[in-house]
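What follows is a short report on a single structure.
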Amino acid sequence: MRKTLVALSLGLALSGTALAADDFRLVIHGGAGNIVEGRFSPEEEKAYHEGLQAALKAGYEVLNRGGTSVEAVKAAINQMELNPIFNAGRGAVFTNEGKNELDASIMDGKTLTAGAVAGVTNVKHPVNCADLVRTKSPHVMMASKGAEKFCAANGAEIVDPKWFFTQHRYDQLKKAQEKEQILLDHDGAKKTSNAELYIDPLMYDYKFGTVGAVALDKHGNLAAATSTGGMTNKRFGRIGDSPIIGAGTYANNDTVAVSATGSGEMFIRTSAAYNVSVHYKYEGPDVQKAGEAAIKDVGAIGGTGGLIILDRKGQYAFPMNSAGMHRGTIGPDGKAMTAMYGTEKLREYKAK
């Protein structure tokens, strides 16, 4: 098995310090994978940082005016769902059939209400659709045509599926099909006897742009959300961890808010997002240690990726066992701090 680089984030802030009543924080990710210096052009780096900054500022506007954490994570993710550089919404990868099937989930840490959608093809903002499931139905998850019908009936913005087409995503599909493989949004899969389930380890990082957000609002409430286009060339209605509460998304005011990005199957098998909450609750309120423990479990079964974690004290962390993760945070000072590479410190990115 290929050795993975353990690159634990240096991004903790406000650790052990209670926030003031009017303080808040937003933390986001844009996917994890083989994100190493030298493989991105200056133009690509600029695009990622600016995409993260736009998302952070959208969520900041909500939190700064006293909006809820749920509203903030939706606002941040909506920005990334519109940005083709991320594997969510407009930038979603293609299935084997040449379609874009979108997944998303959201959870309110105050009420523990949650919503999720899987395999939707015509909803402009899947995370908004997931929130409609949370607020307008007695259910947690809806899928495919049923989810589309429900969300359309409840005011979701519907678009022609062609709206999600981007040429570079389609080119990725063609390359994947040429090799008779599935490209994971992240790395960590093994070869099986079925060619259609094989992921070439040299190709896994073609796209690592699943997006997520966690927020703490001025009222002291947490929320988490995740949105993705899934896996390039996926078949058979495959669904990863992003729309699964407890695997890709979890929020509880008593512990933490979490969004995951990585080898979906392994995050599902370890209930990664909820696992962070368990470690935090029973082993001490340390977001970094709780996240490291959860990622260790993912890695033990061959999975890679990363997590964003936030608690009610405003402590946050970016534990990962991949080479890097597109990530960022913003607080009351309005400074959008972002990073890409594993040990890179968060900074206010300024294009050269």
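Things worth noting here:
- Residue within segment 122-135 that is more than 22 Å from HIS168 (Cβ to Cβ), under 16 Å from the mean Cα position of the chain (by Cα) and open to solvent by 30 Å² or more (accessible area, probe 1.4 Å) present: yes
- Any hit, segment 312-319, residues being touching a residue at least 60 places away in the same chain (Cβ under 8 Å), open to solvent by less than 10 Å² (accessible area, probe 1.4 Å) and aromatic (Phe, Trp, Tyr): yes
- Failed item in (1) open to solvent by less than 60 Å² (accessible area, probe 1.4 Å); (2) over 17 Å from GLY89 (Cβ atoms); (3) modelled with pLDDT under 90, with GLY146 passing the rest: (3)
- Residue that is farthest from TYR316 (Cα to Cα), among those in segment 256-296 that are hydroxyl-bearing (Ser, Thr, Tyr) and open to solvent by less than 10 Å² (accessible area, probe 1.4 Å): SER263
- Hits in segment 312-331 - residues which are hydrophobic (A, V, I, L, M, F, W, C) and either part of a strand (DSSP E or B) or under 15 Å from the mean Cα position of the chain (by Cα) (or both): ALA317, PHE318, MET320, MET325, ILE330
- Residue within segment 33-50 that is within 21 Å of GLY264 (Cα to Cα) and open to solvent by less than 10 Å² (accessible area, probe 1.4 Å) present: yes
- Members of segment 149-170 that are open to solvent by 20 Å² or more (accessible area, probe 1.4 Å), of a type in the set (Phe, Trp, Tyr) and under 16 Å from THR95 (Cα atoms): TRP163, PHE165, TYR170
- Which listed residue, of THR113, THR68, is in contact (Cβ under 8 Å) with a residue 24 or more places away in the chain and not basic (Lys, Arg): THR68
- In segment 153-195, residue modelled with the highest pLDDT [restricted to those that are touching a strand residue (DSSP E or B) at 6+ places or on another chain (Cβ under 6 Å) and under 30 Å from VAL133 (Cα atoms)]: ALA156
- Among (1) without any contact (Cβ under 8 Å) to a residue 40 or more places away in the chain; (2) under 17 Å from the mean Cα position of the chain (by Cα); (3) assigned to a helix (DSSP H, G or I), the one test that ASP297 misses: (2)
- Residues that are hydroxyl-bearing (Ser, Thr, Tyr) and outside any loop (DSSP other than H, G, I, E, B) are absent from segment 300-311.
- The number of residues in segment 49-94 that are assigned to a helix (DSSP H, G or I) and modelled with pLDDT of 95 or more comes to 29.
The values are calculated or read from the model by the stated rules, or taken from the named source; none is laboratory data. Every value quoted in this text rests on a predicted model; they were computed, and no experiment measured them. So basically every Cβ, Gly included, is an ideal-geometry build from the backbone, and we count neighbours across all protein chains shown. Surface areas here come from the heavy atoms of the whole protein model, side chains and all, with no ligands, DNA or RNA. Shrake-Rupley method; radii C 1.70, N 1.55, O 1.52, S 1.80 Å.
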